[in-house]
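The values are calculated or read from the model by the stated rules, or taken from the named source; none is laboratory data. Being a predicted model, the structure only gives us computed values, none of them experimental. Neighbour counts are summed over all protein chains in view; Cβ atoms, including those assigned to glycine, are modelled from backbone coordinates with ideal geometry. Only protein heavy atoms, including side chains, enter the accessible area calculation; ligands, DNA and RNA are left aside. Shrake-Rupley method; radii C 1.70, N 1.55, O 1.52, S 1.80 Å.
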Amino acid sequence: IREIKLKTGTKLTITDSVSIVKCDDDLNNSENIKLSDYTGLFTSDPTVTVSFYKTLANAQTNTPTTSDAQPITGPSTFYYRFKNGVLCEVIGTLNITLRGSTPTTLQDKYFVCEGGSIPLKAEGSSVYKAWVWEKGGTVISTTQNASLSAGVYKISFTDLSDCVFTKNITVVASPKHQLNIAAYNATGCDI
């Protein structure tokens, strides 16, 4: 008869599951991430080492690992295996939601008369919670409305998930018409 002794150890303490929102600010339905950037959401223990996996089965069997750099094209789940050489290893789950910002109805270009301006309103007030209008790096408004004269502007919209959508707007001034009355050569008759 062979005797098998099983011992239980203390497992490493981590947050078992973390959910994050990754913003797709350029609206191309893809973002590149580094899984190591999120290790601190599980534990602040500087003595741990971590490996990354695409499936729970791979994390449980410790094979094969996946690379730190990952492209995200939709909802994604990754598994982290934490160890420090003293405590029992533990697995954590990272759930990522890829969230695209909601674009605005603002156009890319507007025309105004020379010396004039155009009042614009950033639509989507129920979707956005903050607006920043800039011209040449200077903030000109932090409200939903701005009055723009000729120039190039950048507006940043922050939505309810803290994702930021940035849009460039150009306002072009049309020159005022100049009448050359000296070139007018006519005789008016009073009949």
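If residue 38 passes every condition in (1) modelled with pLDDT under 95; (2) of a type outside the set (D, E, K, R); (3) surrounded by 12 or more Cβ atoms within 10 Å (Cβ to Cβ) but one, which one does it miss? Every condition holds for residue 38 apart from (1). If I filter the stretch 91-105 for residues that are over 24 Å from residue 171 (Cα atoms) and loosely packed, with under 15 Cβ neighbours inside 10 Å, do I get at least one hit? Yes, the stretch 91-105 contains a residue that is over 24 Å from residue 171 (Cα atoms) and loosely packed, with under 15 Cβ neighbours inside 10 Å.
Looking at the stretch 1-90, the strands (runs of 3 or more DSSP E) lying wholly inside it that each contain 2 or more residues that are over 20 Å from the mean Cα position of the chain (by Cα) sit at 49-53, 76-83. With respect to (1) modelled with pLDDT of 90 or more; (2) farther than 23 Å from residue 163 by Cα; (3) β-branched (Val, Ile, Thr), the lone exception for residue 96 is condition (2).
Yes or no: the stretch 45-53 includes at least one residue that is exposed (fewer than 11 other Cβ atoms within 10 Å of the Cβ) and over 14 Å from residue 90 (Cβ atoms).
yes
Selection of the stretch 151-164 for residues being modelled with pLDDT of 85 or more and either charged (D, E, K, R) or in contact with a Leu (Cβ under 8 Å, 6 or more places away or on another chain) (or both) yields 154, 155. Annotation note: Cβ proximity below 6 Å between a residue of the stretch 102-128 that is at pLDDT 80 or above and a residue that is among the small types (Gly, Ala, Ser) and not in a strand (DSSP E or B) (sequence gap 6+ or interchain) occurs for 117/149.
Taken together, the residues in the stretch 28-82 that are out of contact with any strand residue (DSSP E or B) (no Cβ under 8 Å at 6 or more places or on another chain) and hydroxyl-bearing (Ser, Thr, Tyr) amount to 4. Is it true that some residue in the stretch 3-12 is open to solvent by less than 80 Å² (accessible area, probe 1.4 Å), free of Cβ contacts under 8 Å to residues at least 12 places away in the same chain and among the hydrophobic types (A, V, I, L, M, F, W, C)? No: zero hits. For residue 16, the criteria (1) open to solvent by 70 Å² or more (accessible area, probe 1.4 Å); (2) closer than 30 Å to residue 155 by Cβ hold in every case but one, which is (2). Being aliphatic (A, V, I, L, M) and touching a helix residue (DSSP H, G or I) at 6+ places or on another chain (Cβ under 6 Å) is a condition met by at least one residue of the stretch 94-111. Against the list (1) at pLDDT 85 or above; (2) open to solvent by 70 Å² or more (accessible area, probe 1.4 Å); (3) of a type outside the set (Gly, Ala, Ser); (4) out of contact with any Leu (no Cβ under 9 Å at 6 or more places or on another chain), the condition residue 75 fails is (4). If you go through the stretch 136-154 and keep only what is of a type in the set (S, T, N, Q) and not in a strand (DSSP E or B), you end up with 142, 143, 144, 149.
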